[in-house]
Amino acid sequence: MVTVEYESVKKAYGETIAIEDIDLEVDDGEFTILLGPSGCGKTTTLRCLAGLTEPTSGTITLDGHDVTNVHPKNRNIAMVFQNFALYPHMTVRENIGYPLKVADVGKEERENRIEQVAETLEIPELLDRDIANLSGGQQQRVALGRAIIRRPAVFLMDEPLANLDAKLKISMRSRIKVLQREMDITTLYVTHDQEEAMSLGDKLVVMDKGHIQQIGTPDEVYHQPVNQFVAGFIGSPSMNFVEVSHSDGQIQAENAPEDFDVTLDDAVVKRYSGTDEMTLGVRPQYFSIHTEETANAVEAEVEVTEPQGDEQIVEVAAGDVSLTVVAPSTIDTTRGDTVWLTLEDELVHGFDPETGDRIG
Ligand code: ATP
């Protein structure tokens, strides 16, 4: 059991700064997710901890010991990759047992531990199969087995579910969560899939352009995003952003002054006092759609409806402002209809239009 700490870690490749100012603490046994768009520096952050990439500056400590320049083999860290990186010419048993063989663990103990790991991952019947004949999900379990057999102090996973189909992804996701809880191993897990991140992590580290944007629980990053980037990245469909002018609680969209003209509740207005221009953020789930004219509502025209079973995603236009709304499937609207949208005042977000930082 180990705590991990990054202090001012930076990695540059020539002119390209992959990561910078990375300050991060991961508690003992915690499941931490590094999340962000492609190229934001997630993998580099993970590789620096594994010792596969040498930081340009900064320090990384494991349980208070500086490991920044310690050889990967001496860090007691196991890593699982997106492509599994299994040895194709070996059987499942040989793959899982390989780290113990390298560590000179005797044959009997090795066999016992292989059996144990195979039981945990429910793959004992696969032990003598060749890797090449396994499905993606089975290969993934073998990769997990090879990683956990050493009982590492820290477990690193880089998009381990990216190559699996949607259904398998969800079942492997819960398996990984249970395994992490049972083994109580400090874990860092990289994904660009915010749904995966929300469902797995104790703590989310949201990254963009090589920098950490926010660290928080899934609930915190969803409900209290610190800036427009985090607000837009977390949540599906993405949050709507509308440039508005604001005066005494009256909100008017610059591109749709007639249509998008609503009065916010007094309690909400206080949060934005002194702000006359802002970017309003409203999640698609926090609009209600009405087919009859409604007071204090945004008037809009339906452009597209996408049925999703119990819900539908409705794309509308209020003047030149496009909005996405999630509505119950019972609401009957079609392209060209006029609808009225009310919003749940207390759940709106305000952002500085210049910096993107949260206001209020
Ligand atoms: P993805 O989700 O696409 O894997 P990522 O968030 O994991 O992306 P990184 O792989 O850490 O991002 O890359 C961060 C930045 O550093 C990118 O701009 C990338 O091109 C650059 N980079 C990463 N590795 C190298 C390298 N070996 N040489 C040069 N540039 C690199």
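Odds and ends about this structure:
- When we screen 262, 226 for residues that are at pLDDT below 95 and more than 15 Å from residue 327 (Cα to Cα), the only hit is 262.
- Strands (runs of 3 or more DSSP E) lying entirely in the stretch 29-113 (those with 1 or more residues that are within 15 Å of residue 146 (Cβ to Cβ) and away from the ligand (no atom under 16 Å from the Cβ)): 77-80
- Look at (1) of a type in the set (Gly, Ala, Ser); (2) at pLDDT 95 or above; (3) surrounded by fewer than 17 Cβ atoms within 10 Å (Cβ to Cβ) and you find that residue 216 fails only one, number (3).
- Residue satisfying all of: in the stretch 241-285; of a type in the set (Lys, Arg) and part of a helix (DSSP H, G or I); farthest from residue 221 (Cα to Cα) among these: 270
- Criterion: over 25 Å from residue 28 (Cβ atoms) and in contact (Cβ under 8 Å) with a residue 40 or more places away in the chain - qualifying residue of 280, 200: 280
- All of (1) closer than 24 Å to residue 46 by Cα; (2) modelled with pLDDT under 90; (3) within 28 Å of the chain's Cα centre (by Cα) hold for residue 138 with one exception: (1).
- Residue match in the stretch 323-339 (condition: at pLDDT 95 or above, within 14 Å of residue 262 (Cβ to Cβ) and either surrounded by fewer than 17 Cβ atoms within 10 Å (Cβ to Cβ) or in the same structural domain as residue 268 (by TED's automatic domain parsing) (or both)): yes
- Flag for residue 306 being loosely packed, with under 14 Cβ neighbours inside 10 Å and touching a helix residue (DSSP H, G or I) at 6+ places or on another chain (Cβ under 7 Å): no
- Search result, residues across the stretch 1-13 that are of a type outside the set (Ser, Thr, Tyr) and either modelled with pLDDT of 95 or more or under 17 Å from residue 206 (Cα atoms) (or both): 4, 5, 7, 9, 10, 11, 12
- Every residue from the stretch 184-238 that is touching a Lys or Arg at 6+ places or on another chain (Cβ under 8 Å), over 25 Å from residue 18 (Cβ atoms) and not in a loop (DSSP other than H, G, I, E, B): 199
- Members of the stretch 323-360 that are in contact (Cβ under 8 Å) with a residue 24 or more places away in the chain and among the polar types (S, T, N, Q): 324, 333, 334, 338, 342, 355
- The condition (being exposed (fewer than 14 other Cβ atoms within 10 Å of the Cβ) and either within 16 Å of the ligand (Cβ to nearest atom) or closer than 25 Å to residue 138 by Cα (or both)) is satisfied by just one residue among 6, 13: 13.
- Residue among 102, 67 that is closer than 27 Å to residue 205 by Cα and of a type outside the set (Ser, Thr, Tyr): 67
- For the stretch 154-169, taking the residues that are at pLDDT 90 or above and in contact with a Leu (Cβ under 9 Å, 6 or more places away or on another chain), the one that is nearest to residue 39 (Cα to Cα) is identified as 158.
- Just so you know, in the stretch 68-84 the residues that are under 27 Å from the mean Cα position of the chain (by Cα) and of a type in the set (Val, Ile, Thr) include one that is nearest to residue 153 (Cα to Cα), and it is 77.
- Flag if residue 339 is over 17 Å from residue 264 (Cβ atoms) and within 26 Å of the chain's Cα centre (by Cα): no
- Residue list for the stretch 166-191, filter: under 15 Å from residue 202 (Cβ atoms) and within 16 Å of the ligand (Cβ to nearest atom): 188, 189, 191
- Strands (runs of 3 or more DSSP E) fully within the stretch 286-347 counting 2 or more residues that are among the polar types (S, T, N, Q): 321-328, 338-343
- From 352, 320, 310, 357, residue being of a type in the set (D, E, K, R) and farther than 15 Å from residue 241 by Cβ: 310
- Only listed residue being touching an Asp or Glu at 6+ places or on another chain (Cβ under 9 Å) and in the same structural domain as residue 341 (by TED's automatic domain parsing), chosen from 295, 267: 267
The values are calculated or read from the model by the stated rules, or taken from the named source; none is laboratory data. Bear in mind that the values here come from a model prediction, so they are computed numbers and not experimental data. Positions of Cβ are generated from backbone atoms using ideal geometry, with glycine treated the same way; all protein chains shown enter the neighbour counts.
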